[in-house]
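The values are calculated or read from the model by the stated rules, or taken from the named source; none is laboratory data. From a predicted model like this one, the values you see are computed outputs, not experimental measurements. Because the Cβ atoms are built from the backbone with ideal geometry, glycine has one as well, and the counts that use them run over all protein chains shown. Accessible surface is based on the protein model in full, side chains and every heavy atom, while ligands, DNA and RNA are left aside. Shrake-Rupley method; radii C 1.70, N 1.55, O 1.52, S 1.80 Å.
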Amino acid sequence: MSDLQIALAGVGALVIICVIVYNRVQESRFRRRVEASFVGERGDALLDPLNGGPKDRIEPLLNSGVVGADDAAETVNARAGRVEPVGVPADASPESAGEESSPIDYAVQVTCEHALQRPALHHLLDALDGLGRRTQVMASVGDGGWVALAEGTEGATRIRVALQLADRRGHVTEDDLGAFVKLVKQWAQGIGATVKAPDPKRYLDAAKELDRFCADVDVVVGLNVVAPSGEPFSGTKVRSCAEAVGFRLENGNFRLADVTGRPLFTMESQQGEPFDLDRLSSTTMNGVTLLLDVPRLEQGVKVFDQMIDTGKQIADALGGTLVDDNRTPVTEAGLEQIRNQLRGIYTAMEARGIDAGSRLALRLFS
């Protein structure tokens, strides 16, 4: 062999060794994380409220004359990392409590001959927390129905552990599913329980397809109120106008909610800076943007009409102009085109069995 061939063979062998070492390190890290989660206490994970992380996502904006009802799949969909609360479902409503299967989850059922004890359930929740993916845990006593874990810990003999297949961060991977199944099986083995787990590989294609569907309909509608050239809005006046039409300042943005407190749409500064009460009196801005998160709202067309009316009121009060994303003054023809686009999106969601604003939609699009 020539010196070059010997050198290349040596480099190849080194690369192979590095790959093997890396894989073993990763496996070791995962094992240590799971084992560590089976010891110690970190508060009452079954009863304490769990809060999600901040929303960190740049949304696509839908504007007239650009995206048609049949072109929703072409909308831009930028995702950012976000770790969700795990364990007890945040929306443990009667609707979710009785659900045994879901089109957006991969579920594993664990059955134990004796009632599951609180410490063991704590260990499961802590272990799931380490996955960094959305999970739900439901409990059942005997042959009874499924309820949120916090409501069914006493005497529970069956546990349904579900991994959400997709959200705004993207879809689960084969590694995600494998790690999830391995974790649940390891936990079940430790308490002498049996596990019924579907083949996770069958769910990988379903997760990818679900993610494509989400990207197709994941749209935010934006309308802008812009100031006259050289005459920016004062922060104090923007706040006054916003509160006069029902907005309330929350986490740096103005939010308008319905009578039940459910958010409808938001108002943000066009500069992208959060509204700060302490600095509004000395702040000016060239415009504000009203945003409506389409898949999270039922009756979105009706809410869109409300947003139009609100935008017109704010424009009149501020002396600005209501424009679309191209900074073109809105017309009734353009607004009707957007309404048709919204109807197309809602029809697609209904055909999929995931109605806009439903519990499933709120889980997927967050």
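Please list 274-286, 125-137 highest first by mean number of surrounding beta-carbon atoms within 10 Å per residue.
125-137, 274-286
Along the charge dipole of region 104-254, which of 128, 170, 148 sits closest to the positive end, that is, farthest toward it, with unit charges on the beta carbon of Lys, Arg, Asp and Glu (+1, +1, -1, -1)?
Farthest towards the positive pole: 128.
Per the 1.4 Å probe, what fraction of the accessible area of region 260-355, in percent, lies on carbon and sulfur atoms?
45
Evaluate the distance, in nm, between pseudo-label points positioned 7 Å from the Cα of residue 118 and of residue 251 along their respective Cα→Cβ axes.
Between residue 118 and residue 251, the label points sit 3.1 nm apart.
Cβ neighbours within 10 Å, averaged per peptide: list 235-243, 287-295 in order, most packed at the top.
Details: 235-243: 17.9, 287-295: 22.4.
For the peptides 235-243, 287-295, the packing ranking is 287-295, 235-243.
What distance in nm lies between label points placed 7 Å from Cα along the C-beta direction at residue 279 and residue 362?
Computed distance between label sites residue 279 and residue 362 equals 3.3 nm.
Looking at region 193-337 from every direction and averaging, what is the projected area of its Cα convex hull in nm²?
13.3
Keeping all protein chains in place, calculate the accessible area per residue for region 187-248 (probe 1.4 angstrom), answer in Å².
49
Please state the shape class of region 268-366: rounded when a/c is under 1.5, otherwise prolate if a/b exceeds b/c and oblate if not, all from the C-alpha gyration tensor.
It comes out oblate by the Cα gyration axes.
Tell me the Kirkwood hydrodynamic radius of region 183-253 in angstroms, computed as one over the mean inverse distance between distinct C-alpha pairs. Show your work: numbers first, answer last.
Values: mean 1/r = 0.0543 Å⁻¹.
That comes to 18.4 Å for region 183-253.
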